[in-house]
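The numbers here are math on the coordinates, done by the rules we state, and not lab data. A quick note: this is a predicted structure, and the numbers were derived from the prediction, not measured. Quick reminder, even Gly has a Cβ in these numbers, built from the backbone with ideal geometry, and neighbours come from all protein chains shown.
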Amino acid sequence: MRLLIMGPQGVGKGTQAAKLAEHYGIPAISTGDIFRYNIKNKTELGLEAMSYTDKGELVPDELTNKIVKDRLAMDDAKNGWILDGYPRNASQVEALDAMLAELDTPLDAVVALDADRDVLMERMAKRAAEQGRADDTPEVIAKRLETYAQETAPLLDTYGERGLLVAIDGVGEIDAIQADIVAALDAKVA
């Protein structure tokens, strides 16, 4: 199964991606993890990414696309994957479409988790306190949510038009949310 998991920061994408990966026996692939792996191991792509991140800049789409394509072609992703954190904009959707066509691996579904803004703000403030993340101030969190609303949320319409979207409420018990996702996916992909 090849899935995207999308939603605003703090909605539980990483948690659910890990649980779904275990359930379906496929890797959960986070673009943040890919970047960290490539940077840590000083790969060619990692060194190129560092030339941006060291200056506090976002890694350009072209490089992000290369890193994702490289990861999706790895052996552990041959039977499927869950992609978390990508695509984030319309340009990346086009790039992903091209990658999947080239790899002859169509997308099965897009899981969209959602929660009220107040819930997301509260979750991210709690995460910042627990993890000591100084960059997760209320202002930064609000900015991330605005960026998601402007750039990434519209992509859900694209996937909805393609008949791939599975919308799930991201509020509740983690296991109950996972059960809702699995039931919706099994009904859609069966």
By the mean-Cβ-within-10 Å protection proxy, highest first, 55-61, 68-74 rank as 68-74, 55-61
The answer for MET6, listing residues at least 5 apart or on another chain whose modeled amide H is closer than 5 Å to its amide H, is VAL111, ALA112, LEU113
Which of (1) 21, 18, 17; (2) 23, 23, 16; (3) 24, 20, 16 is the computed semi-axes √(5λ) of the Cα gyration tensor in Å? It is (2)
TM-like helix rule applied to the chain (DSSP H, alpha carbon span at least 15 Å on the long axis, mean Kyte-Doolittle at least 1.0) gives 174-189
Shape call for the stretch 131-190, from the Cα gyration tensor axes a ≥ b ≥ c (a/c under 1.5 means rounded, otherwise prolate when a/b beats b/c, else oblate), comes out oblate
The rounded separation in angstrom of the Cα centers of the stretch 174-190 and the stretch 1-75 is 23 Å
Answer in debye to the nearest 20: the dipole magnitude of the stretch 1-155 about its Cα centre, from +1 Lys/Arg and -1 Asp/Glu charges placed on Cβ, is 400 debye
In deg cm²/dmol, rounded to the nearest 500, the helical mean residue ellipticity at 222 nm of the chain, built from -39500 (n - 2.57) for every DSSP H run of length 4 or more, is -17500 deg cm²/dmol
